[in-house]
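Asker: Take a look at this one; I'll ask things after.
Throughout, read-outs are computed from the coordinates displayed, never taken from laboratory work. Source: prediction; values computed, not measured. Cβ coordinates were reconstructed from backbone atoms using ideal geometry, including for glycine residues, and neighbour counts include every protein chain displayed.
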Amino acid sequence: MMLENLRKPPQQLQLHQIEIELEPGQRTYQPAAYFAMGEGPVLLMLHGFLGDHSCWLPTMEKLSPHFRCIALDLLGFGASGKPAIRYDIAKELQFVRQVVEQLSLDPCYILGHSFGGWVAAAYAIAYPQAVQGLFLAAPAGIRDDEFCGRYNHLRPLLWPHPVVDWVLAGVRPIAGLINQEAAITTICWARKELQAQPAARSFLLDRLRPEDAIDTVENAIHQIQSPTLVIAGEQDDTIPLWHCQTYADRIPQAQLVRLPKAAHNLPQAHSATIAELIHNFVGNFSASEETKLP
């Protein structure tokens with residue numbers, strides 16, 4: 001049955017928060033925010049860079065008849081805590097682990113997009129018995145020295161001085177006249193998100209050189225034991241296709257699905273396809289496991 005044809009009554013979503021001890025034993029607590037929907041096996045959903053839980057809402061609606069979907073705001077994003085720290089994958093990993101433990105989610109499936117895919121892969125490496133299955137949509141986390149300097153044009157958007165906002169406000173009225181309305185709208189959105197999300201600011205400012213990429217996962221993903229599906233957009237100009245291929249090649253028995261007309265915004269533009277792929281993958285894996293039983 002095609003998941004996009006499912007019909008169910010709308011659900012009133014509520015943002016939940018729990019308190020996470022950021023540094024165990026130090027009594028420093030940060031809120032962890034998440035949305036939950038559906039019943040069944042747990043599917044923990046991790047958003048991408050400059051994102052939050054809301055990117056998963058269309059996918060959650062399609063998968064909720066089959067899974068208990070939990071869309072988490074990662075540390076430094078959305079409505080979760082935003083401490084003034086240097087952010088890295090280890091801190092995000094610790095944050096996710098404490099959420100899983102507090103909510104008693106072990107073992108669970110994990111779906112991660114882009115930056116969230118990086119965190120999801122690192123989690124599967126660190127806690128192999130805690131992950132039933134792994135779904136990586138355009139995952140980041142593969143070292144690529146060509147990324148160095150790629151986002152330098154965003155760094156002026158990090159300046160706290162209001163002159164940046166004055167310039168953008170002055171440009172917006174004439175953006176349409178020079179056919180740059182979409183570009184200016186995107187820049188204004190990025191400015192707002194970068195000011196609101198300290199994790200995004202930290203990753204842009206603290207990774208200026210190739211040697212700063214000390215927590216990429218390409219040398220460890222062969223340790224992942226979970227059944228893994230990698231979803232790649234063939235028109236993605238953010239995460240190159242070879243990054244997805246690296247995940248698929250190095251994770252034992254991983255499957256790669258390439259979406260011909262897809263860009264990087266997979267959760268927003270291809271939620272029905274992602275939901276269908278996950279539903280079928282879990283169903284096929286469960287069926288194969290049953291045939292192995294004596």
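Asker: Compute the distance in nm between two label points, each set 7 Å from the Cα along the Cα-to-Cβ direction, one at Ile18 and one at Asn284.
Answerer: 3.3
Asker: What residues have an amide H closer than 5 Å to that of Val42, excluding those fewer than 5 places away on the same chain, when H is modeled at 1.01 Å from N in the peptide plane?
Answerer: Here Arg68, Tyr109 satisfy the definition.
Asker: What is the P(r) of region 9-59, as percent of Cα-Cα pairs per 10 Å bin from 0?
Answerer: Once binned at 10 Å, the Cα pair distances of region 9-59 give 20, 43, 29, 8, 1.
Asker: Let me ask something additional. Calculated FRET efficiency, Glu39 and Ala84, Cβ-Cβ r, R0 35 Å, to nearest 0.05?
Answerer: Values: r = 39 Å, r/R0 = 1.10.
That pair, Glu39 with Ala84, gives E of 0.35.
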